[in-house]
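The values are calculated or read from the model by the stated rules, or taken from the named source; none is laboratory data. These numbers come from a predicted model, not from an experiment. Here Cβ is always computed from backbone atoms with ideal geometry, including for glycine, and neighbour counts include all displayed protein chains. SASA here: full protein model, heavy atoms, side chains in, ligands and nucleic acids out. Shrake-Rupley method; radii C 1.70, N 1.55, O 1.52, S 1.80 Å.
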Amino acid sequence: MIADVLAGATERMKKAVENTKEDFSSIRTGRANPGLFQKILVDYYGTPTPLSQLAGLQNPEARTMLITPYDKGALRDIESAIRDMPNLGANPSNDGNVIRVTLPELTEERRKEYVKIVRTKAEDGKVSLRNIRRKAKDELDGLKEVGDDEIARAEKELEQITKSHVDGIDDALKRKEAELLEI
């Protein structure tokens with residue numbers, strides 16, 4: 001019983017940390033990478049569709065992405081979705097076959113703005129970890145056929161699990177901040 005609650009909480013916390021790291025990858029540094037375009041949804045025949053399902057992404061140069069749509073009819077929709085993407089600051093251009101996205105150089109002010117966004121995303125990840133911990137603690141408190149000592153031990157273990165996952169988010173945050181502030 002206790003092991004099931006702790007295992008479930010650990011699994012949900014791992015997913016929360018991975019989700020936070022995924023959010024970090026959508027914040028750009030000085031270089032172009034396909035992770036920046038993961039969260040872009042294109043209105044494809046009335047359905048929001050992830051860009052990765054509509055086009056191939058290539059990175060020929062450090063600050064350039066080449067997007068090759070599988071369906072040439074979606075070219076304009078992809079271009080407008082990229083243009084409307086907040087925090088990207090890119091102006092895509094197309095030649096009828098591919099879309100070329102050149103990311104502008106980051107200014108010091110823009111870098112600091114991105115650091116604030118990353119810190120907000122990290123805090124959101126920590127909040128979700130705390131919510132998972134609270135829910136698991138409620139489940140532990142709801143167990144009737146287990147002794148108080150065992151529940152207290154399980155709660156201490158839950159705290160250790162939570163702390164290790166919070167530390168994982170903090171480490172990812174430090175790496176991303178260093179990457180953003182690197183010139």
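Structural remarks
- Which listed residue, of L143, L173, L129, is open to solvent by less than 40 Å² (accessible area, probe 1.4 Å) and either among the aromatic types (F, W, Y) or over 18 Å from the mean Cα position of the chain (by Cα) (or both): L143
- Which numbered condition M13 misses (of (1) out of contact with any His (no Cβ under 6 Å at 6 or more places or on another chain); (2) within 30 Å of E155 (Cβ to Cβ); (3) not polar (S, T, N, Q)): (1)
- Pairs with Cβ under 7 Å, 6+ apart, first in region 139-166 and more than 30 Å from R119 (Cα to Cα), second not in a helix (DSSP H, G or I): L143/M1; V146/M1; I151/L143
- Flag for K116 being open to solvent by less than 90 Å² (accessible area, probe 1.4 Å), closer than 29 Å to A16 by Cβ and not in a strand (DSSP E or B): no
- Residue match in region 136-158 (condition: within 30 Å of D43 (Cα to Cα) and either in contact with a strand residue (DSSP E or B) (Cβ under 9 Å, 6 or more places away or on another chain) or of a type outside the set (A, V, I, L, M, F, W, C) (or both)): no
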